[in-house]
1. Classify the chain as rounded, prolate or oblate from the Cα gyration tensor: take a ≥ b ≥ c as the square roots of its eigenvalues, call it rounded if a/c is under 1.5, otherwise prolate when a/b beats b/c and oblate if not.
2. Could you calculate the contour length gain from residue 433 to residue 468, that is, 0.36 nm times the residue separation minus the distance between their Cα atoms, to one decimal place in nm?
3. What's the extension gain from residue 237 to residue 518 if we count 0.36 nm per residue and subtract their Cα-Cα distance?
4. Considering only the range 3-247, what is the antiparallel percent among its DSSP beta bridges, to the nearest 5?
5. Counting residues in the range 25-70 as N, plug N into 2.2 N^0.38 Å and put the Cα Rg over that result.
6. Can you tell me the orientation of helix 3-21 relative to the chain, as the angle in degrees between its alpha-carbon axis and the longest Cα principal axis, to the nearest 10?
7. Using alpha-carbon positions, what is the distance between the centroids of the range 424-490 and the range 319-374, in Å?
8. Semi-axes of the equivalent ellipsoid for the range 403-512, please: Cα gyration tensor eigenvalues, times 5, square-rooted, ordered largest first, whole Å.
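Only the coordinates and a few stated rules stand behind these numbers; no lab work does. Please read all numbers here as calculations on a predicted model, not as lab measurements. Using ideal geometry, Cβ is built from the backbone for each residue, glycine included, and neighbour counts are taken over all protein chains shown.
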Ligand code: HXC
């Protein structure tokens, strides 16, 4: 090699080394001291070894305001490129907090836009690792405009490729809207926070004193607000969740989600299921245990676990094929439907539908939650989302009525009339307009009042109502339930039904888009 070539290579190597350093050793040390990894360290764990192909490593801003010509770092605070996760192609970007706090610049946006475009054109998922102080103040309106470029691509890609956001540091101001537009948001405990306005602004505007974690930590968003679908205890766990989540999803909506080979027999029956529902209908049980017994061993991945725990939504596998599970959780608020659980269920059904993942619904629900607060906050329009989502979904839909399917919950939760393909019920199912205690006096109020002993008369009517209506057989007589099965048969029955439904083709009416109730 001659001296000229050496010089060229030497220059390239020096530039590359500088790019890899990000904001420098001291900034990296500060990042580590906060318990956080650097953008490159995170990507190294996320992606298959040696699969990362970086793009735009040398791109740098050209801004001169506020002394910015002295603060030029190759890469400009984000590492972008393509790689593989478990052998499957993905596009990635990871904000680098060591460079100007990962602040969002025009160049950063151009780099992110490039991988967003590549992901959409190639039909591959995109994963964003967020760790940024928000719009780069020194770039003014350029930085604001740049957010718009990201958001528009988020929306264009929505319903075509999976988009996953991981919050691994601050995510403030307008930055929060990209994660909110993506399919899944994962937050890391303690080290991440997401808010529209930080504690300082909150204090000055509303007078409320609150820490960053109290305002927008992982617990807040994975629990109360529902803005995050997953909460991870560490960065490594968050990255594992990305890998796991992608294993249930196709690379784009024109493809099928990958099936896995499983040792769990499709014919496996669990006798314990036959006695899982307590004889006393006032007692609860854990629906999660039912689900775990039915699906392939260790395949249940709960989404939105801490948000609206009166409902469960989860990815799982049956005979190796991904399915979406929706279930009421009778152990929390009797599994009632309310505003938050309506949002949780409807969002999940839509996600399953768009990725062609069959939806299986386990019903044990006394109905929609009554109350002034629920009505004032719009339980009607939120509850309507469940109905809309199930009616709209064209994927195979199967329901299993485990116990209560009372009133609105019967109709809303994957009923035959709303397009369920196969409906099973356990012998413990109670499919009726209302519960016995409410129905008997309503129907027989006068007879009860005029009886010699109203208490005895009421009990008799309740018993009679229970016997006649609180069972699955009336609904089965009418064809609303296809089959009443022994609980232990649930797994093989579901697997057989799914096999048949695999080739389901649904008719849809062409239209621009429906007006989903929001
Ligand atoms: C430019 C920024 C920055 C920003 C941080 N930095 N945020 N530079 N623009 N938005 C720089 C700091 O100057 C500092 O540079 C380095 O990053 C590290 O920041 P620190 O403050 O030292 O770090 P830390 O103490 O960990 O605090 C992190 C932080 C804080 C909580 C994120 O930096 C912060 O509050 N930043 C502003 C957050 C915010 O309000 N963003 C909203 C912007 S408005 P040096 O050189 O000293 O190392 C917005 C609207 C968009 O986003 C709307 C779009 C629709």
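1. Details: a/c = 2.72, a/b = 1.98, b/c = 1.37.
Here the chain falls in the prolate category.
2. Here the answer is 11.4 nm.
3. 97.9 nm
4. Just about 35 percent of them are antiparallel.
5. Values: Rg = 14.6 Å, N = 46, 2.2 N^0.38 = 9.4 Å.
In units of the 2.2 N^0.38 Å rule of thumb, it is 1.55.
6. Result, in degrees: 40.
7. 24
8. Details: eigenvalues 270, 61, 14 Å².
Working from the Cα gyration tensor, I get semi-axes of 37, 17, 8 Å.
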